[in-house]
Every structure is written in C-alpha cells, then in structure tokens.
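Below is one structure, written out as structure tokens; comments come after it.
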Amino acid sequence: MIHIEPKILDRINAWLTPAFDEDTQTIIKNSIANNPKDIQESFYKDLEFGTGGMRGVMGVGTNRINKYTLGKSTQGLSDYLHKQFPNETPKAVIAYDCRHNSKTLAKVVADVFSANGIEVYLFEDLRATPELSFAVKHLNCHCGIVLTASHNPPEYNGYKVYWQDGGQLVPPHDNAVISLINNIDYAKIKFEANESLIHFIGKDVDDVFIDASVENGCVGATQQAKDNLKIVFTSLHGTSITAVPETLKRAGYKNVSIVKEQELPDGGFPTVKSPNPEEPAALKMALELAEKEGADIVIGTDPDCDRLGVAVRNSDGNLQLLNGNQTMIMMVDFLLKKWKSEDKIKGKEFIATTIVSTPMLNKLAEAYHVDNKIVLTGFKWIAKLIVDFPELDFIGGGEESFGFMVGDFVRDKDAVTSTLLACEIAAIAKSNGSSFYEELIKLYVEHGCYKEKLVSLTKKGIEGAEEIKKMMSDARENPLKIVNGSKVVKIEDYDLSTSKNMATGEISPIDMPKSNVIIYYTEDGSQVALRPSGTEPKIKFYVSVNSKLDAIENFKSTESKLDAKAETILKDMNLI
C-alpha cells in the first residue's frame, strides 16, 4: 500500500469540501482507495505557467486540468484585469481546439469571466490559435484565452493567456497574475455566469482573419505558378481545417488535396500516435497521398494550428521532411528578399529567433543589414519584441520547433499564414525552374551549411521531475570541457544569467529573464543546449553543427559529414 504524504493529503482533503462538486469528491475517494499513486500525482503540486501557459493531463486535482484549476486561473486573471483597467469594462475573447472537453472548459472560463463582470467573446466552435491572437486586437479585447494542449497526447489540455497586444502573457503581467492566482481560495471562484455578457462569434471574425492571412502570406507568386503547384495538406484532426484550406483557396491555390482520413477534428487523434508535425510518422498518410498524386509540397499542422511541418522534393525527387530550422531559414530569407526588392529595408528592421534555434539566422541578418534579435524559447518573447521596440519594423521570425510568424498582424506562431508562405516559396521556385529544396541548398552555399539535431527525453511524474532537475544540476556543477574533441570555449547559463569565457574565466551578464537553459559553445563552432520543457515532462538537447559548402553538388557529402558529427556529439553525451 502506497503511503500518501501528509502535505499531499492536506491538499486532497481540501477538495473533499463543499466548494467542490459531488462528482469530483467521488472520483477522489475512489482514487484514494484504488489508485493512491495516481492521486498523489494529481495533487503533489499546482500546475504551473510555462513557456506556453498552463498545460497538463485532464482530471481531478491541483496538478490537473479541470474546471477548478481553470476557474482559479480565470478568477485570478479577472481580478488582475479589474486592477489594470479600473475605469473600463474589461473584454476577453476565448477560443478552443479539438481536444476532449475543450468546448466545455471554454464555457467554464467564459462563465467565470462573465460572473466577474467581464464582457466575453466566445467562438461558436473550435478555431485555430493564431485566429485567437488576431481576434484579441481585432475586437479590442484586454485579453484572450485559448484552450489547447498543442501537440501533446489526447489526455492533455491547456490554457494559454494573451494580453491586449495579441501576444501571450509576459512580464510583468505574468508574475502578477500568477501571484493573484496562487492566493485565491477555490471557494472564492465565481462560477455563476452572467449570460448577458457572453457573445458568440464566428464567420465575421473568420473572414477578416483569413483575408489578413492572404494579404500577409502572398508574396508574389503568379496565378500560373500557383496553378502549377500541387499541394497535399493534413490538419492531423485539428483546428486548421477551419482556416488553411479557405486561405489557400482565397490566395488562388486550386491543386490542394486534403488527407480525408485526418480531416475531421478529433481529440483522440485516431490515425496518428502523436499529432506532432515535427515527427515524420505524423505525416505518413500525407506523404503517401503526395506520392500517389505527384505533389510538390506536403504540409501538416498541429491540433491548434500554430506549428507546421513541411516536406518537399529533394534533389533525387523524393519527398523529404524539413526540420523547423530549415523551413524557418527559407521563410525568413524569402521575406528579406521581398523587403529588399521593395526597397523597404531602411536600417530599422529586425527578424527574431530563439536561443536554441539555428545560428544561421545571424548570417541572414548580416547579409541583409537587419537586426536579428534572439530571445528565450517561446513565441511570447518574440511577440514582446514588437511591443518593446515600436520604432522598429518586424519582418518575420521563428523557432526550431516548427513555429513561424509572418509580420506582426498575428502575435504568436501562425501555421495559417506560414502554410501559405511556404506554398508561395515553392510555387515561385518551381516557376523559375528550381525548387524549395534547391533554394535551401543555395542559401547553404552562400551562408554556410548548418545542421541541427534534437533529442527529447521524456521523464514523467514526480520521479521524472527529479531526474530532470538532477541532470541540469549535474550540467552546472560538472560542465563539459570538450565536445567531440573540440574545446568548450563559452558556457551560457540562463538560470544564472551568466556567460563564461572558458579560456579567461571572465563572466559576463546575460540580459534576459531567467530560464533553465545551459548552452555550450565549442572551438569548432558547434553548439549544444540543454533545456527542460516548460509544458511537457521532457528535457531537450539541441545540437548545432556547421561547415562551409562550396557548391550545390557537394551538399550531400557535406550534409552526411555534419549529420555524423551531430550523432557523435550526442553519443559522446550518452544521449543515443
């Protein structure tokens, strides 16, 4: 028999009071009797806001997504809105994805807002996350909420908070809201809705959002080029089916084949092990359809439609899934070319990426004489740059985990506009006798060939959290001195806010918010980053290697050498 710790038992007993409904109490009592380990996992801590908000397994308990944990967060956010806007009636817009319980939980959130005197715009049915970001500004709301767990397994759900600029919650608002949430008693949550304050929205917002996506994503492909491009698209049972096909249609793309088996939104994601476009297996059905139809490009989006995976024909004519860095390089370079051709680069423009993404973005920025601002992982930090530097023009940017942002009309990663942009690049390249893939290799010849690899280790539960904590503390206390025979010349520790020169011992400050990330830089230009995920029970290891590429025909051999080098580094670290 598993013994439940007294502290956890106190948390459990608090949920066996009249503040919680009878169904919740019954589930807890049954779990105590039949599954004490599970009930400990459900109550041993509070769900925390990470890089993507609050995300977790659905169920009862303080460490689960349910009406009470979401109600508590919404009550705290409501209190904060009234403090920030004392002379206004605050407004909030709410969207949700295809996940189990998302619609029900979204109505709970709407009820709590309205019970607190906040006017609510609730989407009538599931919508893509980028549309929520857009709607915050379009409807002049003070905040936005989207119920989603992105690409996590079916048992997960989540809650992302957006501020009035359309970007996710960032300092100082995030810590202030969290502080209020932590001090709220569950019994004080107002669940009784004021239905007169809840308005349902739909097609009127859809049309404006899709038109804006077409305006920002169309970058010069002729109608003939569009007609000659064959596209296969899959929504992986997610929300993108509500926006991407219509966006492509309005942009003039006619040869779009949709994977029918994955077209219907379904929170169980029945045809894939994981609805994550980073994983080749998720796009298996789309790739098979593309081979059957001779398609030029395959695109798949995650359930909430903020990230996309892209596969294109390689030099041998075979479909190849690009990694997030490769797609980002192509998109950013294409936008930079467009801005330059229109004489819009005046010395006050910038692109943006994250500390664990490819260093090749620096090369692109230098070539076009724009600034490359590098931020912590998470698109909220990229969106924050637009607010922090109003005198500068944001061109575009992204992160290695398949997220991109085109301009600033949406303030989060946006797979709707990015899907259209990827198709534009492919259409223009094909019409010029080239291809998406060949244009990527040309960039490698011009700027250097960069390859990245990612290894994620999943460590679930209490023990897993301790394992991840120990791995990071070991990396701090016993840092690597040599990586694959190359000396470590610099170590950045974003939790300590320090950058250490290993040759001189000199320590410089890092001017960024604290984050549990360590990056090693080696003498030969390689980089290795360690980062626990903010929204999943994972620790991630990012490896970046590079070399010169003197000609397109030497790409395969150079790529093979870089792949082998990255593999050796990961083996060196006992990660594979």
Problem set entry | Beta bridges per DSSP with both ends in the chain, % antiparallel, nearest 5 | 65
For this session: For 69, 26, give the ranking by accessible area with the largest first, probe 1.4 Å.
Result: 26, 69
Exercise. Taking the stretch 189-258, which GluC sites (Glu not before Pro) meet the DSSP loop condition and have no more than 12 other C-beta atoms within 10 Å?
Worked result: 192
For this session: Find the Cα radius of gyration of the stretch 40-123, compare it with 2.2 N^0.38 Å by division, and give the number to two decimals.
Result: 1.14
Problem set entry | Dipole of the chain, positive end: most advanced residue of 15, 405, 78 [Cβ charges, Cα centre] | 15
Problem set entry | Debye equation applied to the C-alpha atoms of the stretch 195-262, log10 I(q)/I(0) at 0.12, 0.16, 0.18, 0.19 Å⁻¹ | -0.40, -0.64, -0.77, -0.83
Exercise. For helix 415-431, what angle does its Cα long axis make with the longest principal axis of the chain, in degrees from 0 to 90 and rounded to 10?
Worked result: 10
Problem set entry | Cα gyration tensor, the stretch 164-281 - rounded (a/c under 1.5), prolate or oblate | prolate
For this session: With a 1.4 Å probe and every protein chain kept in, tell me what percent of the accessible surface of the stretch 51-166 is carbon plus sulfur.
Result: 46
Exercise. How far apart, in nm, are two points set 7 Å out from the Cα along the Cα-to-Cβ line at residue 337 and at residue 557?
Worked result: 2.7
Seminar exercise, completed: Scattering profile of the stretch 4-78 from the Debye formula, Cα beads only, expressed as log10 I(q)/I(0) at q = 0.13, 0.26 Å⁻¹, is -0.37, -1.32
For this session: May I ask you to evaluate 6.51 cos²θ - 1.76 cosθ + 1.60, the Karplus curve with θ = phi - 60°, for each residue of the stretch 396-403 and list the ³J(HN,Hα) values in order in whole Hz, giving x for glycine and proline?
Result: x, x, x, 9, 5, 8, 6, x
Exercise. For the stretch 142-215, max minus min Cα coordinate along each principal axis, in Å, sorted largest first?
Worked result: 45, 31, 31
Seminar exercise, completed: Amide H proximity to residue 357 below 5 Å, modelled H, separation 5+ or other chain, gives 400
Seminar exercise, completed: For the chain, longest principal axis from Cα atoms; helix 324-341 axis from its Cα atoms; angle between them, nearest 10 degrees, is 70
Problem set entry | Label selected from (1) 92, 72, 67; (2) 72, 56, 48; (3) 100, 64, 56, the criterion being Cα extents along the principal axes in Å as computed here | (2)
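Rounded to the nearest 0.05, what FRET efficiency is calculated for residue 371 and residue 208 with R0 set to 25 Å and r the Cβ-Cβ distance? Working shown, then result.
Working: r = 31 Å, r/R0 = 1.23.
With R0 = 25 Å, the Cβ-Cβ based efficiency is 0.20.
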Problem set entry | For the stretch 568-576, Karplus couplings with θ = phi - 60° (6.51, -1.76, 1.60), whole Hz, Gly/Pro x | 5, 4, 5, 5, 3, 8, 6, 9, 9
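Relative to the Cα centre, what is the charge dipole magnitude of the chain, using +1 at the beta carbon of each Lys and Arg, -1 at the beta carbon of each Asp and Glu, and rounding to the nearest 20 debye?
Numbers: 65 positive and 81 negative charges, 144 e Å.
It works out to roughly 700 debye.
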Exercise. In debye to the nearest 20, how big a dipole does the stretch 1-42 give about its Cα centre with +1 on each Lys and Arg Cβ and -1 on each Asp and Glu Cβ?
Worked result: 160
Exercise. Quick one: what Rg and Dmax do you get for the stretch 347-426 from the alpha carbons, in Å?
Worked result: 11.9, 34
Seminar exercise, completed: Row for the stretch 234-310, column shape: gyration tensor on C-alpha, a ≥ b ≥ c, rounded if a/c < 1.5 i.e. under 1.5, prolate if a/b over b/c, else oblate; value oblate
Seminar exercise, completed: Semi-axes in Å, largest first, for the stretch 434-535 (Cα gyration tensor, √(5λ)) are 28, 21, 13
Exercise. Given N residues in the stretch 490-576, what is Rg(Cα) / (2.2 N^0.38 Å)?
Worked result: 1.30
For this session: Using label points projected 7 Å from each Cα along Cα→Cβ, tell me how many nm separate residue 291 and residue 224, to one decimal.
Result: 3.3
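Taking 8 Å as the Cα distance limit and 6 or more residues as the minimum spacing, I'd like the relative contact order of the chain as a percentage. Numbers along the way, then the final one.
Details: 1176 pairs, mean separation 68.6, N = 576.
RCO, the chain: 12 percent.
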Problem set entry | residue 274/residue 346 FRET efficiency (R0 35 Å; Cβ-Cβ; nearest 0.05) | 0.20
Problem set entry | Radius ratio Rg over Rh of the stretch 164-203, counting only Cα atoms, Kirkwood formula for Rh | 1.10
For this session: Specify which residue in the list 576, 248, 60 is farthest towards the positive end of the charge dipole of the chain, using unit charges on the beta carbon of Lys, Arg (+1) and Asp, Glu (-1), about the Cα centre.
Result: 576
Exercise. Using a 1.4 angstrom probe and counting only protein chains, how large is the accessible area of residue 230 in Å², to 10?
Worked result: 90
Exercise. So what is the accessible area of the chain per residue, in Å², with the probe set to 1.4 Å?
Worked result: 41
Exercise. What list of ³J(HN,Hα) couplings, whole Hz, do you get for the stretch 62-69 from phi and the Karplus terms 6.51, -1.76, 1.60, once you set θ to phi - 60° and write x for glycine and proline?
Worked result: 6, 9, 9, 8, 7, 4, 7, 5
For this session: Mind checking which of 177, 222, 202 is farthest towards the positive end of the stretch 162-222's charge dipole, using Cβ charges of +1 (Lys, Arg) and -1 (Asp, Glu) about the Cα centre?
Result: 177
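The values are calculated or read from the model by the stated rules, or taken from the named source; none is laboratory data. Since we're looking at a predicted model, the values are computed, not measured. Neighbour counts are summed over all protein chains in view; Cβ atoms, including those assigned to glycine, are modelled from backbone coordinates with ideal geometry. Heavy atoms of the whole protein, side chains included, go into the accessibility calculation; ligands, DNA and RNA do not. Shrake-Rupley method; radii C 1.70, N 1.55, O 1.52, S 1.80 Å.
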